[in-house]
């Protein structure tokens, strides 16, 4: 058991196998078995998984790394920039991509009217399939998530590549890039709270998506 748990790849593979088994039984015992709603549920699971990965790392960077890194002796900090931060940023940016992509697929699978409404603040087909106010609130959450995604790929990652030395830059440029990436990351923390509120509250109160 210790050898198994000591190998992260084996743990992840086993977890995925167990999840797939659960997904199969959910499909088998659901009312319409492996229909469109089943696949919507599958992609919702994928959406939640990547969302946890993305937002969890966002909070790690801001709640832990940004606060505690200045306390690390200067001679030890290269270990972070060489080994830990690049790996964390890999999962961070692809977690963002997976979250947004899976979320869009969930909206489409939920139905054309629903997707049209949640992407247009309920204005595409008012009164069809839900409350316009609910759609508008969900739209806020969706577009906050898209802004955060664009922030990751368009601001944070390009500047972090300069900070980490993936892109050649002088010290002044690295300092400026670190400041820009840090501010963009803090903006994402700010936006993450209303975004998560929209996602959680809409599902509970308006019963869709």
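The values are calculated or read from the model by the stated rules, or taken from the named source; none is laboratory data. From a predicted model like this one, the values you see are computed outputs, not experimental measurements. Note that each Cβ is placed from the backbone with ideal geometry, even for glycine, and that neighbours are counted across all protein chains shown.
Remarks
- When we screen 126, 86 for residues that are farther than 18 Å from residue 44 by Cβ and at pLDDT below 90, the only hit is 126.
- Single unsatisfied condition, residue 62 versus (1) surrounded by 10 or more Cβ atoms within 10 Å (Cβ to Cβ); (2) outside the structural domain of residue 150 (by TED's automatic domain parsing): (2)
- Of all residues in segment 136-171, those satisfying the criterion of being closer than 24 Å to residue 111 by Cα and either touching a residue at least 60 places away in the same chain (Cβ under 8 Å) or in a loop (DSSP other than H, G, I, E, B) (or both) are 137, 138, 141.
- Residue match in segment 168-181 (condition: under 18 Å from the mean Cα position of the chain (by Cα), in the same structural domain as residue 80 (by TED's automatic domain parsing), surrounded by 14 or more Cβ atoms within 10 Å (Cβ to Cβ) and modelled with pLDDT of 95 or more): yes
- Residue in segment 186-201 that is touching a helix residue (DSSP H, G or I) at 6+ places or on another chain (Cβ under 6 Å) and farther than 30 Å from residue 113 by Cβ present: yes
- Against the numbered list (1) modelled with pLDDT under 95; (2) part of a helix (DSSP H, G or I); (3) surrounded by 21 or more Cβ atoms within 10 Å (Cβ to Cβ), residue 133 comes up short only at (3).
- Residue 116 crowded, with 16+ Cβ neighbours inside 10 Å, assigned to a helix (DSSP H, G or I), without any contact (Cβ under 8 Å) to a residue 60 or more places away in the chain and within 16 Å of the chain's Cα centre (by Cα): no
- Flag if residue 79 is part of a loop (DSSP other than H, G, I, E, B), assigned by TED's automatic domain parsing to the domain that holds residue 39 and over 17 Å from residue 62 (Cβ atoms): no
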